[in-house]
Each structure stands twice: as C-alpha cells, then as structure tokens.
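Data first, discussion second: the structure below is written as structure tokens.
Bear in mind these aren't lab numbers, they're just calculated from the coordinates by the rules spelled out. Owing to the predicted nature of the structure, the values given are computational and were not obtained by experimental measurement. Cβ: placed from backbone, ideal geometry, glycine included. Neighbour counts: every protein chain shown.
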Amino acid sequence: MNPNCEIYVNGLYNIFEDLEPKSMAAEQYMEDQMLLNISELKKFYTKTCAVRNEFTYVDVVGTKTWDTYPMYTPFYYMAFAMQIHPSPEGHEYMARQYRKAINKNG
C-alpha cells in the first residue's frame with residue numbers, strides 16, 4: 001500500500017428521507033432506524049475507530065436519492081433497489097463533500 005496516499009471514508013445517507021406519508025408508523029420507524037445507523041457509524045468513524053487518524057471522514061448525510069412511490073403501494077417495493085442509490089443531484093452533492101474534504105486537507 002502507498003504510505004503517502006490519502007484515504008477518504010464516507011458515512012451513510014438517509015435512504016428513507018423521502019418516504020411518504022410520514023404518518024405511517026412503519027415509515028417513521030424505518031427512517032428513525034436509518035438515522036440511528038447514520039449517527040452510530042459517524043461516531044465510530046470519528047471517535048472510536050482505532051485508525052481514525054489515518055483517514056478523513058466525509059459526511060454525505062444530505063445525499064438525495066431517486067424519487068420513489070409511497071410505501072403502501074406495490075410500486076414502492078419494485079422501485080426500492082433504485083431508490084436507495086444517489087440521484088444525479090445526490091452524486092453531485094457527494095462530489096462536493098469530497099472536494100471540501102480534499103481542499104481542507106490541502
């Protein structure tokens with residue numbers, strides 16, 4: 001491995017952020033669990049990981065995903081595999097976050 005390379009690690013983004021309607025208990029539970037996972041992974045990478053000083057953490061929590069159907073429709077489950085991936089705008093956001101981290105490191 002190249003000892004001079006810089007390593008960047010990104011966290012998670014909320015794949016359930018745009019689920020509708022928020023009034024459904026299942027959707028709210030899924031989003032709450034995702035937010036907990038995001039928080040715990042960020043805490044691990046930035047506070048408890050034994051090698052945390054050997055990489056730069058990149059926060060991508062604001063990444064947008066593809067639009068999806070409401071959870072209570074059969075289309076939701078058919079489109080879910082696409083919905084969990086960043087949209088073009090989401091990829092642009094992630095790239096900006098990486099650019100900020102790279103510029104910060106000089």
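Points to keep in mind about this one:
- Cα-centred dipole magnitude for the range 8-105, charges only on beta-carbon of K, R (+1) and D, E (-1), debye, nearest 20: 600 debye
- Taking the charge dipole of the range 21-97 about its Cα centre, with +1 at Lys and Arg Cβ atoms and -1 at Asp and Glu Cβ atoms, the residue from Pro86, Cys49, Leu35 reaching farthest to the positive side is Cys49.
- Given the alternatives (1) -0.34, -0.62, -1.08, -1.30; (2) -0.50, -0.79, -1.11, -1.22; (3) -0.55, -0.79, -1.01, -1.10, log10 I(q)/I(0) by the Debye sum over Cα atoms at q = 0.12, 0.16, 0.21, 0.23 Å⁻¹ as computed for this entry is given by (2).
- Each of Val61, Val9, Thr73 was placed along the dipole of the chain (beta-carbon charges, centred on the mean Cα), and the one lying farthest toward the positive end is Val9.
- Label-point separation in nm, Arg96 to Asn53, each point 7 Å along Cα→Cβ: 3.3 nm
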